[in-house]
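Have a look at the structure below, then the notes.
The values are calculated or read from the model by the stated rules, or taken from the named source; none is laboratory data. None of the values given here were measured: they were computed from a predicted structure. So basically every Cβ, Gly included, is an ideal-geometry build from the backbone, and we count neighbours across all protein chains shown.
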Amino acid sequence: MTSIDVQDLTKEYGATRAVDRLTFRVEPGRVTGFLGPNGAGKSTTMRLVLGLDRPTSGTATLGGRAYVTLEEPLRHVGALLDAQAAHGSRTARDHLRVLAASNRLPERRVDEVLEEAGLAAVARHRVRTYSLGMRQRLGIAAALLGDPQVVLLDEPSNGLDPEGIIWIRELLRRLAREGRTVLVSSHLMNETASFADHLVVLGRGRLLADTPMRDFIHARVDPAVRVRTTDGAALRDLLARHGYDAVERDDREDGGDGDERWIVRHARVEDIGRLVSGAGLPLLELASVEGTLEQAYLDLTATEAEFAARPPARPASQRPASPPPPTRPQEA
């Protein structure tokens, strides 16, 4: 079994420390999401793991070995860092044939990965004619060429259509089920939540979290319960007596059929269900409101973003009127 081991890893560019004493391990048999704001050090860390840059200090190894010591590295590690890496004048098949020959891989693997990536029909087209999504597929095909035990992908869903997103999601899960080590960097929180088992989160080059995804969400997003009833006043009084904070939702959000909808914060379904049932209140809906990866991620990284947009200014028509300037008294 092969893991990615990052130990006290630091990378400085002049006075800038892009990676700051990082230590974490990416285990086989699960998909690890690699998250962080722009400038957090994710791409630099992946480059250090792949031997494309040298660390200032610390180590990054694959199964205990540095990438640069691997013979025929595509047999051990597959990576996609840049979908534009393939030369535009080559066909997709020729691009993969060169990679296969340089790592003594059988040519049949070229056709196998082209088929798996959905590119068999356009394999003899020049790469410059490819869309971004097709180039992404080609990059993923190249990463799979050597049937590696370790796979690193940087923003693999970028440019993919809905069918392609479903394909990459299922591919990542399959690779993990086969016992491979999978590290995926992404800014798409909803997509990461659909495939990741574990998370490593960076901020300004430092490690912010290294934890199972469910634990990450539950630790940062309070549980809540959605309740729908025809007797909102009684529900509100019942919950208040038991110390629960309930907020009424706007009916227009759910069609405006007259039923009263409430969100009970810091609560769990079983507790609210017992209260409502014991009080004999009419209940039309009782459901858990699950926290999202996006909520938990934003909560953790709110102060770590290097680049953040300002809130949009309100239109002039919505701004409060400025008081008139003071009038100077006229001289006699």
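Looking at the structure I just gave you, is ARG97 assigned to a helix (DSSP H, G or I) and over 21 Å from LEU175 (Cα atoms)?
For ARG97, the condition - assigned to a helix (DSSP H, G or I) and over 21 Å from LEU175 (Cα atoms) - is met.
ALA267 fulfils the conditions (1) touching a Leu at 6+ places or on another chain (Cβ under 7 Å); (2) closer than 30 Å to PHE195 by Cβ except for a single criterion, (1). Residues that are among the charged types (D, E, K, R), at pLDDT below 90, farther than 30 Å from LEU300 by Cβ and loosely packed, with under 11 Cβ neighbours inside 10 Å within the stretch 220-264 comprise ARG252, ASP257, listed in sequence order. Under the condition of being under 14 Å from LEU80 (Cβ atoms) and in contact with a Lys or Arg (Cβ under 9 Å, 6 or more places away or on another chain), the residues counted in the stretch 128-166 number 11.
Any residue at all in the stretch 15-37 that is acidic (Asp, Glu), surrounded by fewer than 23 Cβ atoms within 10 Å (Cβ to Cβ) and over 23 Å from the mean Cα position of the chain (by Cα)? Looking through the stretch 15-37, none of the residues is acidic (Asp, Glu), surrounded by fewer than 23 Cβ atoms within 10 Å (Cβ to Cβ) and over 23 Å from the mean Cα position of the chain (by Cα).
In the condition set (1) modelled with pLDDT of 95 or more; (2) part of a strand (DSSP E or B); (3) crowded, with 20+ Cβ neighbours inside 10 Å, ILE168 is compliant with all but (2). Of all residues in the stretch 122-141, which are surrounded by fewer than 20 Cβ atoms within 10 Å (Cβ to Cβ), in contact with a Leu (Cβ under 9 Å, 6 or more places away or on another chain) and among the small types (Gly, Ala, Ser)? Within the stretch 122-141, ALA123, GLY133 qualify. Among the residues of this structure, ALA142 does not count as one that is touching a Gly at 6+ places or on another chain (Cβ under 9 Å) and not in a helix (DSSP H, G or I). Any idea which residue in the stretch 174-206 is modelled with the lowest pLDDT, counting only those that are over 21 Å from GLY63 (Cα atoms) and part of a helix (DSSP H, G or I)? Step by step, filter the stretch 174-206, then rank; the result is ASN190.
Inspect all residues belonging to the stretch 232-242 and state whether any of them is assigned to a strand (DSSP E or B), free of Cβ contacts under 8 Å to residues at least 60 places away in the same chain and outside the structural domain of LYS42 (by TED's automatic domain parsing).
no
Would you check which residues across the stretch 209-219 are of a type in the set (A, V, I, L, M, F, W, C) and either surrounded by fewer than 18 Cβ atoms within 10 Å (Cβ to Cβ) or within 11 Å of ARG265 (Cα to Cα) (or both) and list them? Give the derivation first.
The first filter runs over the stretch 209-219 and keeps only residues of a type in the set (A, V, I, L, M, F, W, C), leaving 209, 213, 216-217, 219.
Result: ALA219, single match.
For the stretch 80-94: of the residues being of a type in the set (D, E, K, R) and in a loop (DSSP other than H, G, I, E, B), which is modelled with the highest pLDDT? Checking each candidate, the answer is ARG90.
There is no residue in the stretch 124-131 that is in the same structural domain as LEU172 (by TED's automatic domain parsing) and either in contact with a Pro (Cβ under 6 Å, 6 or more places away or on another chain) or closer than 30 Å to ARG206 by Cα (or both).
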